[in-house]
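Asks: Sharing a structure, written as structure tokens. Questions coming.
The values are calculated or read from the model by the stated rules, or taken from the named source; none is laboratory data. Since the model is a prediction, treat every value here as computed from it, not as a measurement. Cβ placement follows ideal geometry from the backbone for every residue including glycine, while neighbour counts extend to all protein chains displayed. Note: areas computed on protein heavy atoms with side chains; ligands, DNA, RNA excluded. Shrake-Rupley method; radii C 1.70, N 1.55, O 1.52, S 1.80 Å.
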Amino acid sequence: MPLLSVLTAVHGDRAEVLAAAGESVAAQELPAGWEVEWVVQEDGDFPRLSGFGRYEANGAQLGVAVTRNLALARVRGELVRVLDSDDVLLPGALARAIEAFAEHPEIHWVIARPRMADAVYFQLLPEGVHARGAIGSYVQEHRRAPVHCAGLTARTATVRAVGGWCANPRAEDIELVAAISELAPGYLDGTPSWLYRNHDGQTVRQPSWGNLHAESYLMIHQRLAAARALGLRMGTN
Amino acid sequence: MPLVSVLTAAHAGRAPLLPATGESLATQRLPVGWELEWIIEEDGPEPALAQVAAGFPQASHRALGARMGVAGTRNLALSRARGDLVHVLDSDDLLAPGGLATVITAFEREPDIGWVAGQADNLMPDGCRVSFEPISPTGRVEAGAVNDYVLEHGRGPFHPAGLTLRTDLARAVGGWAALPRAEDMALVVAAAEVAAGYHTPEVTWLYRQHPGQMTRADDWPDLDPACWTVIRQRIESMRRLKAS
């Protein structure tokens, strides 16, 4: 039976919001025949969230990209959907992604738009199928991501082939999305399918978040330029 | 003029060892026309290596001011590389005399290769060198062969420190992977799946054995199996995509 794995990296002080994330996964109605698993990986020296989903702990503070990659190693689904520990899926979120894959068999990834408390998050490319390279070209031209990468569902093998989330200090997920978009077309969903919670504990609101952005984007630009110069299809060439 | 960029990720605790690393670099004799730069990327909130770097005219030091881990630190160093080739040199290791010339000559002799893996000697605390047999046969390695070895043996066919890559290839596969262990093998398998390489019979680097090695920390082995799972999955996934 086909399986979709929801992947959540979390740290110890997020127990309350993690429960809400888990309930939003449990409440999903899937297309006939599909099953879901929730893979939870806890970051930090003193793990305390065991009991949530298919759980493992790093036992050390390793950062979000490493934590997601260790979760990815345990994923059993052919599709993987990332869900940040402080976000929740809206009803129908997983079904919409699965249906997009069924409708467009050529795609390897779907990115869904978030709703915020009082707004819908920007999405700077139109809804629909986007050809190989579309995300990378947008990032190259505008020096920002056209979508929120925390709404990613992708073929598990494609994420693994490019090395998963990147050792990139501020754009580990944008680099991943750019890399898989170089390999295969994908679908941008304009209907909000997850709730992006803004709160003071967000990683992106910590004082240290402000630095290293230019350096992080430089790494993405160099990766795209190099991959294109080499004609690299990462296992597909 | 062709340039090789030597990338060293370091943290403040390596201040006593880094001068010897730099000396081993400063005394390299390169093939005619080649130049080198030494990119020192310092990890950690309390940087202390600027002074060591200042003693080496080829060095370019940057302190990150926060703890990023070795993979992120190397990737930030990679983003500053101006060379056609990048050679990774750990902050506690040394280049062997003639090491870079051996590597560069291999790239010149076989223009289609994307990477060169160097053989090492162990450098013991008393300063003597102890050689060991190459893990796998030396010489040219075709694309995919490294990964056949990894899938069969569950480990790499050479020690991945001491690796040299074409800079474009290293960047195209995303550089060092976000893994707590074996972040360098995860890079090797990506590069070696798409590009042929060369495993030198000559010793190109010296692997310093000392109590402060990261691989000797008490918690080192815990996450090793998970990281090798990631590496195996990366290989299998690349091959699955290729076949589809």
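Asks: When you check A:Ser137 against the structure, is it in a loop (DSSP other than H, G, I, E, B) and either small (Gly, Ala, Ser) or under 23 Å from A:Trp194 (Cα atoms) (or both), yes or no?
Replies: no
Asks: Also: Please go through the range B:70-89 and give me each residue that is in contact with a strand residue (DSSP E or B) (Cβ under 7 Å, 6 or more places away or on another chain) and either in a helix (DSSP H, G or I) or at the interface with chain A (Cβ under 7 Å from one of its Cβ atoms) (or both), ordered by number.
Replies: B:Val70, B:Ala71, B:Thr73, B:Arg74, B:Leu76, B:Ala77, B:Leu78, B:Arg80
Asks: Does A:Leu195 satisfy the criteria of being in contact with a Ser or Thr (Cβ under 9 Å, 6 or more places away or on another chain), surrounded by fewer than 21 Cβ atoms within 10 Å (Cβ to Cβ) and more than 13 Å from chain B (Cβ to nearest Cβ)?
Replies: Criteria met by A:Leu195.
Asks: Restricting the search to the range A:51-62, which residues are touching an Asp or Glu at 6+ places or on another chain (Cβ under 8 Å) and either crowded, with 23+ Cβ neighbours inside 10 Å or more than 11 Å from chain B (Cβ to nearest Cβ) (or both)?
Replies: A:Gly53, A:Arg54, A:Tyr55, A:Asn58
Asks: Please list, ordered by first then second residue, the pairs with beta carbon atoms under 7 Å, 6 or more apart or interchain, first in the range A:135-146 and at negative phi, second of a type in the set (Phe, Trp, Tyr).
Replies: The qualifying pairs are A:Pro146/A:Tyr138.
Asks: Additional query: Out of (1) outside any loop (DSSP other than H, G, I, E, B); (2) touching a helix residue (DSSP H, G or I) at 6+ places or on another chain (Cβ under 7 Å); (3) open to solvent by less than 10 Å² (accessible area, probe 1.4 Å); (4) not small (Gly, Ala, Ser), what's the single condition that is false for B:Ile104?
Replies: (2)
Asks: Which residue out of A:Val40, A:Val120, A:Val82 is under 13 Å from the mean Cα position of the chain (by Cα), aliphatic (A, V, I, L, M) and under 30 Å from A:Met219 (Cα atoms)?
Replies: Criteria check complete, one pass: A:Val82.
Asks: Still on this structure, please answer the following. What are the residues in the range B:16-41 that are acidic (Asp, Glu) and surrounded by fewer than 16 Cβ atoms within 10 Å (Cβ to Cβ), if any?
Replies: B:Glu23, B:Glu35, listed by residue number.
Asks: Also, I was wondering about something else. When the residues of the range B:151-193 are narrowed to those that are under 13 Å from B:Asn75 (Cβ atoms) and open to solvent by 20 Å² or more (accessible area, probe 1.4 Å), which ends up farthest from the other protein chains (Cβ to nearest Cβ)?
Replies: Result: B:Asp184.
Asks: Now for a separate question. Can you spot a residue in the range A:159-169 that is assigned to a helix (DSSP H, G or I) and either open to solvent by less than 20 Å² (accessible area, probe 1.4 Å) or farther than 22 Å from B:Leu179 by Cα (or both)?
Replies: Yes: one or more hits.
Asks: Out of all the residues in the range B:52-64, is one or more under 27 Å from B:Ala182 (Cα atoms) and part of a loop (DSSP other than H, G, I, E, B)?
Replies: Yes, the range B:52-64 contains a residue that is under 27 Å from B:Ala182 (Cα atoms) and part of a loop (DSSP other than H, G, I, E, B).
Asks: Can you pull out the residues in the range B:83-101 that are more than 21 Å from B:Arg29 (Cβ to Cβ) and open to solvent by 10 Å² or more (accessible area, probe 1.4 Å)?
Replies: Scanning the range B:83-101 gives B:Asp90, B:Asp92.
Asks: Can I ask one more? How many residues does the range B:90-101 hold that are small (Gly, Ala, Ser) and either assigned to a loop (DSSP other than H, G, I, E, B) or over 16 Å from B:Leu36 (Cβ atoms) (or both)?
Replies: Looking only at that region, the number is 3.
Asks: Still on this structure, please answer the following. Of the residues A:Val110, A:Val75, A:Val88, which is within 14 Å of chain B (Cβ to nearest Cβ), under 16 Å from the mean Cα position of the chain (by Cα) and at pLDDT 95 or above?
Replies: A:Val75
Asks: Here's something else I'd like to know. So, in the range A:165-188, how many residues would count as being closer than 17 Å to A:Ala73 by Cβ and facing another protein chain (nearest Cβ under 7 Å)?
Replies: 4
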